[in-house]
Amino acid sequence: MAERTDYYAVLGVARDAALPAIKAAYRSLASAHHPDRNPSDEDATTRFQSLVAAYSVLGDPERRADYDAGRPVEAVQVEPGAPWAEDFGRVLDQLFGVVDRVAVPGGDTRYRLELSLSDAILGCTRSLSLPRPGPCAPCGGRGFDLADLPTFCPRCASLGTLERRPALRSERVSCPDCEGRGYRVERPCGACDGAGQTITRARVEIEIPARSHEGRRLVVRGAGSPGRGGASDGDCFVELEVGADLHLRPEGDDVLVERPVPLPQALAG
């Protein structure tokens, strides 16, 4: 029989330790032994894997009960190259404050701006209120309360997806137990409902050049979605929508003015 690992000893807690004490021990140890914080220590990855395996059992009440009763429990193993290791590793990186080494540029956004014909012809300044997603402040972008730790999703092995075969071809669907996150939390953040992001409004001043026309696109650099990992923010493309005018009519670079004149005045000049 294979030797049984003492997960309580791995986390340094008593066998009757309450769940908050187990979470606190795991948070402290995993943060200290995270491989990205110990790049010169070859054993840091092994220690970190042991901590993850121990918490995957003791952090789940049902799995912990099986473990205490001596029943076989398969702990989650963070092995290099596992299909879900990178995704769940990002969750742990966010949890322990490790900077994401992958720079992801922000996406571009579009904004349609309505103008009168006179403002488009003469030029003007407009103040735009642009939606801008950003990390949720109360939870630090994690999507769950800072006092809690996520638990591994055993149904999808923390991959976040399940394989289904409704017909001849298989397809990947979102895991219903963890809603595609790859982990489960007891209390999602109330401010962002677990999304980890909130939408704020940013005021941006933009100059509309004179002689602008319908469909013209202006670019506001850096006003798009924020980048991650130190990458640049996206841009916002402002598309002009010029309304009609009762008396002004553009024709190429010229503007025609239509002015009704009474017949006697037109005859007399």
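The values are calculated or read from the model by the stated rules, or taken from the named source; none is laboratory data. Keep in mind that this is a model prediction, so the values were computed, not measured. Here the Cβ positions follow ideal geometry from the backbone for every residue, glycine too, while neighbour counts run over all protein chains shown. Heads up: the accessible areas ignore ligands, DNA and RNA and are worked out on the full protein's heavy atoms, side chains in. Shrake-Rupley method; radii C 1.70, N 1.55, O 1.52, S 1.80 Å.
So what is the accessible area of the stretch 203-269 per residue, in Å², with the probe set to 1.4 Å? It amounts to 71 Å² per residue over the stretch 203-269.
In this label model, Arg187 and Ser116 are separated by 5.4 nm, measuring between points 7 Å along each Cα→Cβ vector.
Taking 0.36 nm per residue of sequence separation and removing the Cα-Cα distance, the Leu263/Asp41 pair yields an extension gain of 70.4 nm.
Computed over neighbours whose Cβ is under 14 Å from that of Thr125, the net charge equals -1, Lys and Arg +1, Asp and Glu -1. Residue separation of Asp68 and Thr5 scaled by 0.36 nm, minus their Cα-Cα distance, works out to 21.5 nm of gained length.
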